[in-house]
Amino acid sequence: MKTTQDIINNVVWKACDTFRGTMDSSQYKDYILSMLFVKYLSDFYKEKREQIGAKYSGDIDRINRALEREKFILDDSCTFEYLLKNKEADNLGEIINKALARIEEDNIEKLEGIFRNVDFNSRQVLGDTKERNSILKNLLEDFSDSRLDLCPSKLENVDIIGSSYEYLIAHFASDAGKKGGEFFTPSEVSTLLAKLVMAKEGDRIYDPTCGSGSLLIKAAKEVGNSNFAIYGQERNGQTHSLCRMNMYLHEINDAQIAWADTIGNPLHLEKDHLMKFDVIVANPPFSLDKWGAELAENDIFKRFRNYAIPPKSKGDYAFVIHMIQSLNENGRMGVVLPHGVLFRGASEGKIRQKLIDENLLDAVIGLPANLFFGTSIPACILVFKKNRANKNIIFIDASNEFEKCKNQNNLTSEHINKIMDTYLKRQNVEKYAHIASLDEIKENEYNLNIPRYVDTFEEEVIIDLAATKTNIAKLEAELAEIKIKMNKYLSELGL
């Protein structure tokens, strides 16, 4: 039987019950996702070893040499099976930690530090020895479910692990919410953004606030083959590790994912200058306060030299400026932002005017509210391009077109296709899209608020008061007649 995505999702989501009630999901997610990663490595390596063993008819030397050429090495003491055999051990947390450390050590070029933010022997997080061992034993038993076979030959498709991984990350985001304006990017928004930037073969693709990596992965899929280079940066250490695992699970094994604050310490450099990219995608923290404004004036990369410094309490344009400065001469970028960036004044107004005057802004797309886990804030997508041929900006108001779900709104493939078709054709569409000239933008004092350009007002139906009055009189007469009949029936019944 093939292992489907639903099977993996159900089994692994059930494993979360082991932790529920003992800690918040923002804590236990690292244990769940790390164990899923270990189970994947173990099943993958076990099948590969069996295939190579059959090929070389049990010749140990040849088998070992062949295994050393594989994408990772897994010692017997690091396998999920080994951990499961030791589930009754008094020092189970220590055994798991040693296995994770050995995995990193044996695969230092690809997996170094990937488990740095998870401690399976933590008394503070998992409790005293007895309680900790009980939790970890249950976790191992959850993942030993016979349906959870992650050998490549048993998987329904090669992308299934990565998809399940993102499924869990999305549920954790929904369960725990986000702080500091950071919101998990829903899959459909990632898909739309990836299509808008149109990554192609040979591109360098970059996300300066990459989170778990979903935007980078979706952008890479648009290429259609493996001829691309992925770069990302994430300041949260736990999320950085999840992103690296996610890349690995999606078979993107050479992604360059850096760990640091992008504004204060950008790490993707070439000869002490910012590295340049063909494609940039991002969903930076909304209106981040304390983003590093005090350092911007003396920024060694001079990113803000040609622009105003964004307000100390709102870092939206700090990320936009960094991305603009990181585009190559023909680069394009798509970024998810709160609507405030479209109309707020002061230094943000000056930055917005500069970006428009430089003919960098290509599109403004309004999204529905309640798309993101943890917030109902409506967001927009801004598309920027270097060396733009067009001298206008397309405004698309997609805020009223969505699928209503239980807790969140959702963009369907039809909604995404309509946005893309409108963006590519660049035509006015009544109550949906408008092509604004730069002169029109200037007349509006560089205010990009979408209702200024796309009129979605629906006129109210004119009420015929005379006809309404006649209908009311008719209904009242019918009601009086019914009351008379009802009283007659009640009288006949002696009531």
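Among the conditions (1) without any contact (Cβ under 8 Å) to a residue 40 or more places away in the chain; (2) of a type outside the set (Gly, Ala, Ser); (3) closer than 30 Å to Ser163 by Cβ; (4) surrounded by fewer than 16 Cβ atoms within 10 Å (Cβ to Cβ), Asp272 misses just one, which is (3).
From the list Gly331, Gly349, which residue is outside any loop (DSSP other than H, G, I, E, B) and either in contact with a Pro (Cβ under 8 Å, 6 or more places away or on another chain) or within 26 Å of Arg204 (Cα to Cα) (or both)? Reasoning before the result, please.
On the way: Gly349 fails: either in contact with a Pro (Cβ under 8 Å, 6 or more places away or on another chain) or within 26 Å of Arg204 (Cα to Cα) (or both).
When all the criteria are applied, what remains is Gly331.
The residue that is surrounded by the most Cβ atoms within 10 Å (Cβ to Cβ), among those in the stretch 283-330 that are within 23 Å of the chain's Cα centre (by Cα) and among the hydroxyl-bearing types (Ser, Thr, Tyr), is Tyr317.
The single condition among (1) closer than 25 Å to Lys48 by Cα; (2) open to solvent by 20 Å² or more (accessible area, probe 1.4 Å); (3) in a helix (DSSP H, G or I) that Leu83 does not satisfy is (2). Residues in the stretch 97-116 that are crowded, with 17+ Cβ neighbours inside 10 Å and among the hydrophobic types (A, V, I, L, M, F, W, C): Ala99, Leu100, Ile103, Leu111, Ile114, Phe115.
The residue of the stretch 343-359 that is modelled with the lowest pLDDT, among those that are surrounded by fewer than 21 Cβ atoms within 10 Å (Cβ to Cβ) and aliphatic (A, V, I, L, M), is Ala346. For the stretch 93-115, filtered to residues that are assigned to a helix (DSSP H, G or I) and out of contact with any helix residue (DSSP H, G or I) (no Cβ under 8 Å at 6 or more places or on another chain), the residue that is farthest from Tyr31 (Cα to Cα) is Glu109.
Conditions (1) at negative phi; (2) assigned to a loop (DSSP other than H, G, I, E, B); (3) over 29 Å from the mean Cα position of the chain (by Cα), marked per residue:
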site	(1), (2), (3)
Asn400	yes, yes, no
His415	yes, no, no
Ile419	yes, no, no
Gln427	yes, yes, yes
His434	yes, no, no
Glu440	yes, no, yes
Leu448	yes, yes, no
Asp455	yes, yes, yes
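May I ask you to list the residues in the stretch 23-41 that are under 24 Å from Lys110 (Cα atoms) and either without any contact (Cβ under 8 Å) to a residue 40 or more places away in the chain or among the β-branched types (Val, Ile, Thr) (or both)?
Those that are under 24 Å from Lys110 (Cα atoms) and either without any contact (Cβ under 8 Å) to a residue 40 or more places away in the chain or among the β-branched types (Val, Ile, Thr) (or both): Ile32, Val38.
For the stretch 20-65, a tally of residues being of a type outside the set (Gly, Ala, Ser) and open to solvent by 50 Å² or more (accessible area, probe 1.4 Å) returns 16. Among the conditions (1) open to solvent by 10 Å² or more (accessible area, probe 1.4 Å); (2) among the aliphatic types (A, V, I, L, M); (3) touching a Leu at 6+ places or on another chain (Cβ under 7 Å), the only one that Val364 does not satisfy is (1). Can you find, within the stretch 1-17, the residue that is farthest from Arg116 (Cα to Cα) among those that are more than 20 Å from the chain's Cα centre (by Cα), open to solvent by 30 Å² or more (accessible area, probe 1.4 Å) and not charged (D, E, K, R)? Applying the filter and picking the extreme gives Met1.
I'd like to verify a number: residues in the stretch 392-412 that are touching a helix residue (DSSP H, G or I) at 6+ places or on another chain (Cβ under 6 Å) and not β-branched (Val, Ile, Thr), how many? Counting residues in the stretch 392-412 that are touching a helix residue (DSSP H, G or I) at 6+ places or on another chain (Cβ under 6 Å) and not β-branched (Val, Ile, Thr) gives 5.
Specify which of the listed residues (Asn91, Asn107, Asn157, Asn97) is over 19 Å from Met35 (Cα atoms) and not hydrophobic (A, V, I, L, M, F, W, C).
Details: Asn91 fails: over 19 Å from Met35 (Cα atoms); Asn107 fails: over 19 Å from Met35 (Cα atoms); Asn97 fails: over 19 Å from Met35 (Cα atoms).
After ruling out the rest, the residue left standing is Asn157.
The values are calculated or read from the model by the stated rules, or taken from the named source; none is laboratory data. Given the structure is predicted, the values throughout are model-derived calculations rather than measurements. Positions of Cβ are generated from backbone atoms using ideal geometry, with glycine treated the same way; all protein chains shown enter the neighbour counts. To get the accessible areas, we keep the full protein, side chains included, count just its heavy atoms, and leave off ligands, DNA and RNA. Shrake-Rupley method; radii C 1.70, N 1.55, O 1.52, S 1.80 Å.
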